[in-house]
Amino acid sequence: MQLYPAHAREALEFDKVCLLLKHKCRTDSAREQVENLRFHTRMDYLEKALKQTHEYRTLLGSTDYFPNDFTLNIEKELKLLSVTGATLGQDDLSALRQLAINMRNILLWFKRHDNLFNELRAISSHIVYHKEIAEIISSVLDDSGNIKDNASKELMHIRGEMASKRQELRKIFENVLRKLTKQGYLADISEGFLNGRRTVAVGAEHKRIVKGILHGESDSQRTVFIEPEETIELNNEIFSLERAETREIKRILAETTKQVAVYHPFLHSYYEVAGVYDFIRAKALLAADMNGQMPRLSPHPGVHLVKALHPLLYLHNKEQNKPTYPLNIQLDRDKRILIISGPNAGGKTVSMKTVGLLQLMAQSGLLIPADPSSEVGIFKQVMIHIGDTQSIEHELSTYSAHLRDMKYFLDFANGKTLFFIDELGSGSDPNLGGAFAEAIVEELARKHALGIITTHYLNLKVMAGKVQGIFNGAMAFDEAKLEPLYQLVVGKPGSSYTFAIAQRSGLPPGIIDRARQLTERGHFKLDKMLHQTEQQSVRLTDKEKELDKLLKENTRLKKNYEELTDKEKLKQHHDTLKLQNRIKKEELDYLRDMERKFKQIIHDWKKTENKQEVIQSAENILFKRKQVATNAAAAKKADKNYEVVGGAINLGDLVRNKVNHQVGTVTEIRDKRAIVKIGNLPFNVELDEWIVVRKKSPNEDKGKKQK
């Protein structure tokens, strides 16, 4: 895929995405692949790359660990291995063994996951594993990478002799130390190790008394280090054995390198595969950070993004705990060119960059932060004109550079081109610039190119109804709060909100009013109409959201009602209805009972001649004389044990019902309702039906009587 201009990657911030990806790599091979990341137009390649990353991302969230653990850079060692007569060191051979074992683990992992992760499996499907590589190296190196004692018979003999001589040397040296200690010749540190020899630390004044070889002295020159004459011969023998050990180790390493060199082509392929898996791992980790998903691919040019996010903006806002507003947009053969208008700082350029950056990411094999239902077509060209394009080097003004880019667009754009133009026509006289902009858009539409243009020109906003393939979009703005909403609304143009933004910036009202008067009447009328239409749309959207919320809540309640069929669930449902409608079950029962009794009174009134008896019965029902008497007794009892305190009700307060005088403890408060525990039973009650009391002490009433 061709990009124009040369800095298009940087302008769309693809280089920043690559930098984040590079930080996820563990190997130099993977980092090199990031640096060589290219944009592809072959659908089969892109589909494979996206599926590989998608499969690896599913592994990140599971407990089934994929064992691509080799992260060392051994390119030099592999080159050296191909050179005849070369010798690798212990660490080098140990690294090759790790590489071979890592490839064995990967192949065994795929064997355990037969018919799964087919794209990841295909990367290592050509690998031929040779267990002999690890066996050859393990025959001479232990797990820590050190040469084994039994790597050869000669080495075993040498190390046996060395161990014996060192044991003998230790005994002799300790005898010398004891003797010199008794004689008082040793310094405070008693011994040292110089020139590979174990020495005794002797006071400088005794250096001629102690026989041996002088190897050095301390910085203060108060202490000298002498190799005792009793250990000189043994030290020489040990030194000779050490040189023999070094020669034998070098021979073993040379022989081992020669044996492993036979498998150089296989080790090289292991290393390449390990780097590829690390590169895919890095892409999967980056996708996990930015919520990247695999879109559907189309061989035809087009863009259909659902809930798309600008990845860098999303990561930044996530760190700041801020929301990122998703973008829904579609470009196809019928709707080819989107004209985005709206206020400055409202998100026009960000929306445009989001589409461009996600297209580059998808055509480089990276997952994109958008809904999986999104579809990305394949373009052969991406052209951009974003930001200040003036050139000091070529003595071009902003508008001249703008026209230079437009010439390139018009010369080379076609049906497989995706273009982005920020503020088309800017930098020139508004009327002339608008005319040129309109002509350029018409030509791009005629060439069937797909793209997005941001503008404030009204003549471009009205092109949607005149030129086929052009449609409008607007960045929403809340004029009540004087804040952009960062939401793209497709289908209608947007106002620039020039006066609203000027008001928000604190410009004097007189200046703003004068600007309104000077504004061309036709221009202002159209912008005002767009402004009013957009605000009505914002308000309508808010109402739709509120209505949708209420409908969802109603659906949820209806579903709960249908599910609560058994007795326990039915009781819970009744309680919910009581809370929502603030009607107590006892009150409903009471009303029903009263209705039945009144019907009976009317019936008795008509039938009986003793009207007084009917009246008496009605009084009992209406005034509940028995209940009044009962309540009076309860009140008397409550007055005896509790004293009314009054005031606001708080958690833990002792409260008394104003009607039936029951006493309980407040365990929970919910706005104007509360949970009152009476005995061991909790009751959901109205707060204004209760009053705060305190329990009287046993001697309180006695004291009052005595007084």
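The values are calculated or read from the model by the stated rules, or taken from the named source; none is laboratory data. Given the structure is predicted, the values throughout are model-derived calculations rather than measurements. Please note: Cβ atoms are built from the backbone with ideal geometry, for glycine as well, and neighbour counts cover all protein chains shown. Heads up: the accessible areas ignore ligands, DNA and RNA and are worked out on the full protein's heavy atoms, side chains in. Shrake-Rupley method; radii C 1.70, N 1.55, O 1.52, S 1.80 Å.
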Average Cα contact separation per residue, the stretch 52-146, under 8 Å, 6 or more apart, as relative contact order %: 35
Carbon plus sulfur fraction of accessible area for the stretch 53-170, probe 1.4 Å, in percent: 49
Karplus-derived 3J(HN,Hα), 6.51/-1.76/1.60, for each residue of the stretch 42-48, Hz, glycine and proline x: 7, 5, 5, 5, 5, 4, 5
Spacing of the two label points (7 Å from each Cα toward its C-beta) at SER298 and SER373, in nm: 1.5
Per residue accessible area of the stretch 225-364, 1.4 Å probe, in Å²: 42
Backbone HN-Hα couplings from phi across the stretch 304-311 [Karplus 6.51/-1.76/1.60, Hz, Gly and Pro as x]: 9, 9, 10, 6, 7, 10, 6, x
Solvent-accessible surface ranking, highest first, for THR71, THR555 at 1.4 angstrom: THR555, THR71
Inter-probe distance in nm under a simple model that places probes 7 Å from Cα toward Cβ, at LYS549 and LEU410: 5.1
Extension gain (nm, one decimal) between HIS264 and ARG166, 0.36 nm per residue minus Cα-Cα: 31.2 nm
Per residue accessible area of the stretch 58-198, 1.4 Å probe, in Å²: 59
Estimated FRET transfer efficiency when R0 is 56 angstrom, pair GLU229-ARG112 (beta carbons, to 0.05): 0.25
Stretchable slack from LYS559 to GLU643, in nm (0.36 nm times residue separation minus alpha-carbon distance): 25.5 nm
Placed amide H near HIS385: partners under 5 Å, 5+ positions off or other chain: PHE420, ILE421, ASP422
Placed amide H near GLN662: partners under 5 Å, 5+ positions off or other chain: ASN657
Integer Hz, Karplus 6.51/-1.76/1.60 couplings in order for the stretch 209-223, x for Gly and Pro: 7, 7, 7, x, 9, 7, 9, x, 9, 6, 4, 7, 6, 8, 10
Accessible area of the stretch 254-346 belonging to carbon and sulfur atoms, whole % at 1.4 Å probe: 51
Members of LYS79/LYS258; LYS51/LYS307; LYS16/LYS353; LYS165/LYS211; LYS179/LYS207; LYS76/LYS153 lying beyond 23 Å, as alpha-carbon distances in this model show: LYS76/LYS153
